[in-house]
1. For a quick check of your reading: which strands (runs of 3 or more DSSP E) sit entirely within region 68-173 and have at least 1 residues that are in contact with a His (Cβ under 7 Å, 6 or more places away or on another chain)?
2. Which one of these is under 21 Å from Arg168 (Cβ atoms) and of a type in the set (D, E, K, R): Asp10, Asp72, Asp23?
3. Suppose we keep only residues that are free of Cβ contacts under 8 Å to residues at least 60 places away in the same chain and touching a strand residue (DSSP E or B) at 6+ places or on another chain (Cβ under 8 Å) within region 154-181. Which one would you say is surrounded by the fewest Cβ atoms within 10 Å (Cβ to Cβ)?
4. Please go through (1) modelled with pLDDT under 95; (2) over 15 Å from Ile136 (Cβ atoms); (3) among the aliphatic types (A, V, I, L, M) for Leu64 and return the number of the only condition it doesn't satisfy.
5. Select from region 75-95 the residues that are under 16 Å from the mean Cα position of the chain (by Cα) and free of Cβ contacts under 8 Å to residues at least 60 places away in the same chain and list them in ascending order.
6. Across region 87-110, what is the total count of residues that are surrounded by 12 or more Cβ atoms within 10 Å (Cβ to Cβ) and farther than 19 Å from Asn42 by Cβ?
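The values are calculated or read from the model by the stated rules, or taken from the named source; none is laboratory data. These numbers were taken from a predicted model, which means no experiment stands behind them. Glycine also receives a Cβ, built like all others from the backbone with ideal geometry; neighbour counts cover every protein chain displayed.
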Amino acid sequence: MILPIVLYGDPVLQRRAEEVPADFPGLDELVQNMFETMYAANGIGLAAPQIGYSLRLFILDAELADETLYKDEKRVFINPLVLEENGETWPYAEGCLSIPEIRGDITRRATIRLRYEDAQRKVYEETFDGMLARIIQHEYDHIEGRLFIDLLSPLRRRLVQKKLQLIRNGKLRPEYKHRPR
C-alpha cells in the first residue's frame, strides 16, 4: 500500500526516532509499504519518519541511483548506529521526498561504518562508500531528526526560505501522495 509522505513542517521530521522493538507488530508489512511508497514517489531511499512513524528504520534501493554499480542493492536498515564516518568529503546536490522542489549541495564523508539489523533482524556491521554511503547518511539524518536543508550553507538556506514556507503552509505540494496538512 502506498502511504502518504510527510512534508516539511511536520514535527515527526524534527525529532530523534525511537528504536524498533524486537516484537514490533506488522514490521514486514510496514517495510513492504515503504518500498511501494518510495517507488511510487520516484525516490531512492525513505525513512520511517517520512511516513509519520517515529521509528529508527529506513530503506533504500541504490540501484535506482546507479544501476550498474549498485545492482540488487535494495536494503532495509533497522535500528542503525553510525560507528564511524571517514574519507574525503564531497558535495552533491541532494533532494528529499519530504521537501519537494528543493535541492542543495551537501558535503558528506565518502565512507561510513554502520551497525544495523536487516528485515529478518539479523545484526550486521558494514562499511559503505560512495553514493551508497551518501544515501545511508541522508536517510540516517532523518531518523536523527535532521533534514538535508539543515546542512545547507547559510546563504543557500536563506535562498530557499520562501519555498520552505510554501511547503510548510501546504501551498507547495508534490505530485506523489502526501499527508494533507
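1. Correct list: 74-96.
2. Asp10
3. Going through the qualifying residues, I end up with Arg156.
4. (2)
5. Arg75, Val76, Ile78, Leu81, Val82, Tyr92, Ala93, Glu94, Gly95 - these are the residues of region 75-95 that are under 16 Å from the mean Cα position of the chain (by Cα) and free of Cβ contacts under 8 Å to residues at least 60 places away in the same chain.
6. Adding up the residues that qualify gives 7.
Residue by residue, here is whether (1) of a type in the set (Asp, Glu); (2) surrounded by 14 or more Cβ atoms within 10 Å (Cβ to Cβ); (3) in contact with a Pro (Cβ under 9 Å, 6 or more places away or on another chain); (4) closer than 19 Å to Tyr140 by Cβ holds:
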position: Met1; (1), (2), (3), (4): no, no, no, no
position: Pro4; (1), (2), (3), (4): no, yes, yes, no
position: Ala17; (1), (2), (3), (4): no, yes, yes, yes
position: Val20; (1), (2), (3), (4): no, yes, no, yes
position: Pro25; (1), (2), (3), (4): no, no, no, no
position: Leu30; (1), (2), (3), (4): no, yes, no, yes
position: Asn33; (1), (2), (3), (4): no, yes, no, no
position: Thr37; (1), (2), (3), (4): no, yes, yes, yes
position: Asn42; (1), (2), (3), (4): no, no, no, no
